[in-house]
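Step one of this worksheet: look at the structure below.
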Amino acid sequence: MPNPIATMTTPRLLAEAISPLHFHDLHRLYTEAKVVKTLASVGKPLTEDAVKETIRQAVEHWQQNGFGYWVFHLKKDGQFVGRGGLTTHQFEGKEVVGLGYAIMPDYWNRGLATEIAAASLEVGFGHLGVAEIWSWALPGNLASQRVMEKLGFQYERDFEFAGLLHRFYRLVAADWERYNGGDLLGGTT
């Protein structure tokens, strides 16, 4: 397994692997009504205990896999933007790598979700060498679907996840290389 990338920068953001130190930011994210309605795995605002469990699982994922979700802050003022990254999932009898991102509504429509997703893909394909990355969104989450399409993901079908219908997209390494405009990370450690 390649060395984990626990911190990184993008043109506008600083990121670090999720830890219990991020509880307050993540609690804000997971209790924001506009955000949780886009996340089928959440669906409704999380309790403090549920946020702590989400963080525990994210930390465990990092320990077991050497990658996971990062927490992102603006470089210019340190404001919390959201979380995003790569996690493993069991689908159709196999383990897959999935891309996920969620940002605070104040930062919607600024290209930051695309920046977070692109940096995550850079790690997944460029550093980890994964063959393909999956992503999915609720049918009404058109903004998330646009992010995936901008980055080269191809829609494949609708499927059920967490008891709800989702739009399923996939990106393979060869297609990512065609869409990748160069190193999107300003630095990694």
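Which condition does Lys34 not pass, out of (1) without any contact (Cβ under 8 Å) to a residue 40 or more places away in the chain; (2) closer than 20 Å to Leu165 by Cα; (3) assigned to a helix (DSSP H, G or I), if it passes all the others? So Lys34 meets the others, but not (1).
For the structure I just gave you, tell me whether Ala119 is in contact (Cβ under 8 Å) with a residue 24 or more places away in the chain, within 20 Å of Ala17 (Cβ to Cβ) and not in a strand (DSSP E or B). Here the answer is yes, as Ala119 does meet what is asked.
Would you point out which residue out of Val51, Val96 is assigned to a helix (DSSP H, G or I) and either within 14 Å of the chain's Cα centre (by Cα) or over 19 Å from Ile5 (Cβ atoms) (or both)? Among Val51, Val96, only Val51 is assigned to a helix (DSSP H, G or I) and either within 14 Å of the chain's Cα centre (by Cα) or over 19 Å from Ile5 (Cβ atoms) (or both). Each residue in region 40-62 was checked for being modelled with pLDDT under 95 and over 13 Å from Leu29 (Cα atoms), and 2 of them qualify.
Yes or no, residue by residue, for (1) modelled with pLDDT of 90 or more; (2) touching a Phe, Trp or Tyr at 6+ places or on another chain (Cβ under 8 Å); (3) buried (at least 20 other Cβ atoms within 10 Å of the Cβ):
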{"position": "Tyr107", "(1), (2), (3)": "yes, no, no"}
{"position": "Arg110", "(1), (2), (3)": "yes, no, no"}
{"position": "Ala118", "(1), (2), (3)": "yes, no, yes"}
{"position": "Ser135", "(1), (2), (3)": "yes, yes, yes"}
{"position": "Asn141", "(1), (2), (3)": "yes, no, no"}
{"position": "Leu151", "(1), (2), (3)": "yes, yes, yes"}
{"position": "Phe161", "(1), (2), (3)": "no, yes, no"}
{"position": "Leu171", "(1), (2), (3)": "yes, yes, yes"}
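For Val71, are the conditions met, namely being part of a strand (DSSP E or B) and of a type in the set (Val, Ile, Thr)? When the stated conditions are applied, Val71 passes them.
The values are calculated or read from the model by the stated rules, or taken from the named source; none is laboratory data. Predicted model, so just to flag it, every value in this text is computed and none were measured. A quick note on method: Cβ atoms are made from the backbone with ideal geometry, for glycine too, and the neighbour counts reach across all protein chains shown.
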